[in-house]
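The values are calculated or read from the model by the stated rules, or taken from the named source; none is laboratory data. These numbers come from a predicted model, not from an experiment. Counting neighbours? That spans all protein chains shown, and the Cβs are built from the backbone with ideal geometry, glycine included.
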Amino acid sequence: MANLSAGQMTVASGLTEEGGVAIKSRVDIDRVFHALGDRTRRAMLDRLSRGPVSVSQLAGPLGITLTAVGQHLEILEECGLVTTEKVGRVRTCRMASTGLDALERWVGEHRTEWERRMDRLGELLEDKE
């Protein structure tokens, strides 16, 4: 279910657990689009789609600093596209489905409306013939 509040669209993204209590989390769809709008972040997601890697392994082929990778990861984490976990000195990154699930729902909701409008346009054009 999508909500429009304070100028931002949020999409319910399922249940998460916080302090042993199940809560519905929300993803700001604007942040997901912003995150996906950057070529470097998309490259990071492409790499993570093949499996978890360390921040160092993620940075290598990108040719950017670990600091820059960290900044990109922060954006990806905030919108539910990536999770990271630190064990000892190694931070491991992996894809998260929360942001993609929210994006899929948003597109699905809008696709229905777009298809309805296109069907109506087709009907109008047929009536004019």
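Each residue in the range 48-72 was checked for being under 14 Å from Leu36 (Cβ atoms) and part of a helix (DSSP H, G or I), and 2 of them qualify. For the range 86-127, the set of residues classified as small (Gly, Ala, Ser) and in a helix (DSSP H, G or I) consists of Gly99, Ala102, Gly108, Gly122, listed by residue number. If you check Glu74 against the conditions, is it touching a Ser or Thr at 6+ places or on another chain (Cβ under 8 Å), exposed (fewer than 13 other Cβ atoms within 10 Å of the Cβ) and modelled with pLDDT of 90 or more? No; evaluated as a whole, the condition is false for this residue.
Of the residues making up the range 58-80, those that are among the aliphatic types (A, V, I, L, M) and under 21 Å from Val27 (Cβ atoms) are Leu73, Ile75, Leu76. When Val27 is tested against the conditions (1) surrounded by 11 or more Cβ atoms within 10 Å (Cβ to Cβ); (2) within 14 Å of the chain's Cα centre (by Cα); (3) modelled with pLDDT of 95 or more, the lone failure is (3).
Cβ-Cβ distances below 7 Å connect the following pairs, each with a first residue in the range 102-115 that is surrounded by 12 or more Cβ atoms within 10 Å (Cβ to Cβ), a second residue that is modelled with pLDDT under 90 and not in a helix (DSSP H, G or I), and a separation of six or more residues or different chains: Ala102/Val11; Ala102/Ser13; Ala102/Val27; Arg105/Val11; Trp106/Ala2; Trp106/Val11; Glu109/Ala2. For the range 81-90, the count of residues that are over 14 Å from Arg31 (Cβ atoms), surrounded by 10 or more Cβ atoms within 10 Å (Cβ to Cβ) and of a type in the set (A, V, I, L, M, F, W, C) is at least one.
Of all residues in the range 91-101, those that are surrounded by fewer than 17 Cβ atoms within 10 Å (Cβ to Cβ) and modelled with pLDDT of 95 or more total 2.
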